[in-house]
Amino acid sequence: MSPSSSGAATGRTVLVTGGAGFIGCALAERLAAAADRWVVVDDLHPQVHASRARPDALTEAAELVVADVTDPHTWDTVLDDVRPDVVVHLAAETGTAQSLSESSRHALVNVVGTTQLLDGLTRVAHLPQHVVLTSSRAVYGEGTWQRADGTTYQPAGRTHAQLAAAQWDFPGARHLASSVLSTTPNPGNVYGATKLAQEHVLAAWTGSHDVDLSVLRLQNVYGAGQSLTNPYTGIVTLFSRLARKGTSIPLYEDGEITRDFVHIDDVADALAAAIADPPADGRRALDIGSGERTTIRDLATVIASFHSAPAPHVTGEFRDGDVRHAACDVSPALRELGWAPRVSLAEGIGRLQEWMADRLDPVEG
């Protein structure tokens, strides 16, 4: 099976919530033309879609319904016309820091938006065959750490007092890559908590109705097509804009925060593979990333070098709710989906710089 095969959605009606966003457009480009219908429900929120217009990146093969997933009327209208075989649930508020100050907004969209979709399906007495959810690395919180004696534990999130005292790490321990097979979810911010709630709600509903469920926990997704106006997502894009201006990139904490940066093409391929091949036993959760951890210092250095910008500098600033390290074990996804990440960080950053150069004035960054 080829995960990027356009035949993955052939002969089926696919409903994609939040499908006019970064990931949705990339997925539609691969699969929409091969589906019987590819219907996108998206409210074109101005934080992501500055002009509130249909994105140029959304293929013409996709039908766009501009509507709010939290409004029951949306689902009465959409599901009166559409009976999806597959539901791809991408719609979500995604700002980690923003979720601490706008908790109700995140809970409304991420949790109530999910339940309104399910209630809408119930009202029309329709069950899809398969629901695919994009979840997040944020459900793990700080994840699992290993002490020098080999024992492991999952620490609570770092407190504001710890961060203010520049206590970045957990002494005497090292972070282990998160895995759906061994890491217990323990979100450290409101965003992560709402994503875990999505997983639980969908697991309960699909399990009760014998509907297949695939949950893909995504690491830090980046690449061409990412919003250039949303200040709450996309550290790779943010760093790139600063470097384009010739500005030294500021690094939070001590610059040694690590993340797993996975290219949008690899994420779209993973989703396509999941859609094409539902779980054999009705339910699965998989980690989707590059399988490699990168410090933000190394990321910033690569981006700065691309633009001959000054070297990055450490500020000591921090964000409440941020985890110290994030990385994942992708081996279950490799086995389950016949998928593997293909785009290296250096290649992906280069592609992103070229894409941004075509869309931004040099003065804008």
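Any idea which residue in the stretch 308-365 is nearest to THR229 (Cα to Cα), counting only those that are among the basic types (Lys, Arg) and outside any loop (DSSP other than H, G, I, E, B)?
Looking only at the stretch 308-365, we keep the residues that are among the basic types (Lys, Arg), and these are 319, 324, 335, 342, 351, 359.
Keeping just the survivors that are outside any loop (DSSP other than H, G, I, E, B) gives 335, 351.
Values: ARG335: 37, ARG351: 19 Å.
So the residue we want is ARG351.
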- Flag for ALA161 being of a type in the set (A, V, I, L, M) and touching a residue at least 24 places away in the same chain (Cβ under 8 Å): no
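Sort through GLN198, GLN146, GLN154 and tell me the only one that's in contact with a Lys or Arg (Cβ under 7 Å, 6 or more places away or on another chain), closer than 29 Å to LEU334 by Cα and polar (S, T, N, Q). First the steps, then the outcome.
Numbers: GLN198 fails: in contact with a Lys or Arg (Cβ under 7 Å, 6 or more places away or on another chain); GLN154 fails: in contact with a Lys or Arg (Cβ under 7 Å, 6 or more places away or on another chain).
After applying the criteria, what remains is GLN146.
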- Item | Selected residue (criterion: modelled with the lowest pLDDT) from residues of the stretch 145-166 that are in a loop (DSSP other than H, G, I, E, B) and exposed (fewer than 14 other Cβ atoms within 10 Å of the Cβ) | ALA156
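What about GLY289, is it buried (at least 21 other Cβ atoms within 10 Å of the Cβ), at pLDDT below 95 and not basic (Lys, Arg)? Outline the logic, then answer.
Values: buried (at least 21 other Cβ atoms within 10 Å of the Cβ): yes; at pLDDT below 95: no; not basic (Lys, Arg): yes.
Spelling it out, it is not the case that GLY289 is buried (at least 21 other Cβ atoms within 10 Å of the Cβ), at pLDDT below 95 and not basic (Lys, Arg).
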- Query: Do we find a residue being polar (S, T, N, Q) and out of contact with any strand residue (DSSP E or B) (no Cβ under 9 Å at 6 or more places or on another chain) anywhere in the stretch 337-348?
  - Reply: no
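Results for (1) among the basic types (Lys, Arg); (2) on the phi > 0 side of the Ramachandran plot; (3) modelled with pLDDT of 95 or more; (4) loosely packed, with under 14 Cβ neighbours inside 10 Å, shown as yes or no for each residue.
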| residue | (1), (2), (3), (4) |
| --- | --- |
| ALA326 | no, no, yes, no |
| LEU337 | no, no, yes, no |
| PRO341 | no, no, yes, no |
| LEU345 | no, no, yes, no |
| ILE349 | no, no, yes, no |
| ARG359 | yes, no, no, yes |
| GLU364 | no, no, no, yes |
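For the stretch 182-208: of the residues being in a loop (DSSP other than H, G, I, E, B) and without any contact (Cβ under 8 Å) to a residue 60 or more places away in the chain, which is farthest from ARG137 (Cα to Cα)? Spell out how you get there, then give the answer.
Residues of the stretch 182-208 that are in a loop (DSSP other than H, G, I, E, B), as a first pass: 182-189.
Applying the additional criterion that residues be without any contact (Cβ under 8 Å) to a residue 60 or more places away in the chain yields 182-187.
Details: SER182: 14, THR183: 11, THR184: 12, PRO185: 9, ASN186: 10, PRO187: 9 Å.
Only one residue fits best here, namely SER182.
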- Item | Where a residue in the stretch 120-136 is over 14 Å from THR77 (Cα atoms) and its partner, wherever it lies, is of a type in the set (Phe, Trp, Tyr) and surrounded by 23 or more Cβ atoms within 10 Å (Cβ to Cβ), with Cβ under 9 Å and at least six apart | SER136/TYR191
- Message: Quick check on THR115: is it assigned to a helix (DSSP H, G or I), touching a residue at least 60 places away in the same chain (Cβ under 8 Å) and either of a type in the set (A, V, I, L, M, F, W, C) or surrounded by fewer than 24 Cβ atoms within 10 Å (Cβ to Cβ) (or both)?
- Response: yes
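Quick check on the stretch 31-42. Is at least one of its residues assigned to a helix (DSSP H, G or I), more than 28 Å from ASP358 (Cα to Cα) and more than 22 Å from the chain's Cα centre (by Cα)?
yes
Which of the following residues is assigned to a loop (DSSP other than H, G, I, E, B) and more than 19 Å from the chain's Cα centre (by Cα): ASP254, ASP298? Break it down into steps so the answer makes sense when it comes.
Numbers: ASP298 fails: assigned to a loop (DSSP other than H, G, I, E, B).
After applying the criteria, what remains is ASP254.
The values are calculated or read from the model by the stated rules, or taken from the named source; none is laboratory data. All of these numbers come straight from a predicted model, not from anything done at the bench. Note that each Cβ is placed from the backbone with ideal geometry, even for glycine, and that neighbours are counted across all protein chains shown.
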